[in-house]
Amino acid sequence: MKRFRGVLFTGVYYVLSAVYVIVSLPFLVLPGRGPVTLIIRSYTRAINLALRLICGIKKEVRGRENLPEGAFIIAAKHASWGDGFMIYPEIRNMAFVTGDHLEKFPLVGGILRKLGAIVIDTCGGGTRKAASLADGMA
């Protein structure tokens, strides 16, 4: 049963990913990042729902009242690839750091730039690169 749930979730994950990338494409040419942020927030919520319904993984958010006003940094332990999906819907106006491996997926680089992601070289061999936080901010 675990194997079936894993395969089912993987299929749902890839279908949702493709659909949300396609839905966000027309908004990449618009100024600001508002519409793409809403789409990706919806996407991460859909992934969270799939994790709960298919895999039985429930998210519990604690300590929200301890977040300061204004800018702050969350340094997640990054226990799995799912950290970003779990955190993104919870924090408004979030900038994040991600590896350049995500840019290898078709069209994802444009979404990352629009969201203001800081993309670093995690594949090795080169100098680190970072997208400007000001790019796409609105």
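The values are calculated or read from the model by the stated rules, or taken from the named source; none is laboratory data. Remember, it's a predicted structure, so these values are computed and weren't measured experimentally. So basically every Cβ, Gly included, is an ideal-geometry build from the backbone, and we count neighbours across all protein chains shown. These area figures cover heavy atoms from the full protein model, side chains too; ligands, DNA and RNA do not enter into them. Shrake-Rupley method; radii C 1.70, N 1.55, O 1.52, S 1.80 Å.
Counting only lysines at least 8 places from Lys104 when in the same chain, those with an alpha carbon closer than 28 Å to its own are Lys77, Lys114, Lys129.
Long hydrophobic helices in the chain: the complete DSSP H runs spanning 30 Å or more by Cα along their own axis with mean Kyte-Doolittle hydropathy of at least 1.0 are 2-24. Taking all protein chains as they are arranged and a probe of 1.4 Å, the heavy atoms of Arg5 leave approximately 80 Å² accessible to solvent. Solvent-accessible area assigned to carbon and sulfur over the chain amounts to 63 percent, based on a 1.4 Å probe. Of the peptides 79-85, 16-22, 62-68, the ranking by mean beta-carbon count within 10 Å, highest at the top, reads 16-22, 79-85, 62-68. Shown is the FRET efficiency for Cys123 and Met1, computed with R0 = 41 Å from the Cβ-Cβ distance and rounded to the nearest 0.05: 0.70. Solvent-accessible surface of the chain, taken per residue with a 1.4 Å probe and all protein chains present: 68 Å². Over the range 1-109, the Kirkwood radius and the radius of gyration, each from Cα atoms, give a ratio Rg/Rh of 0.97.
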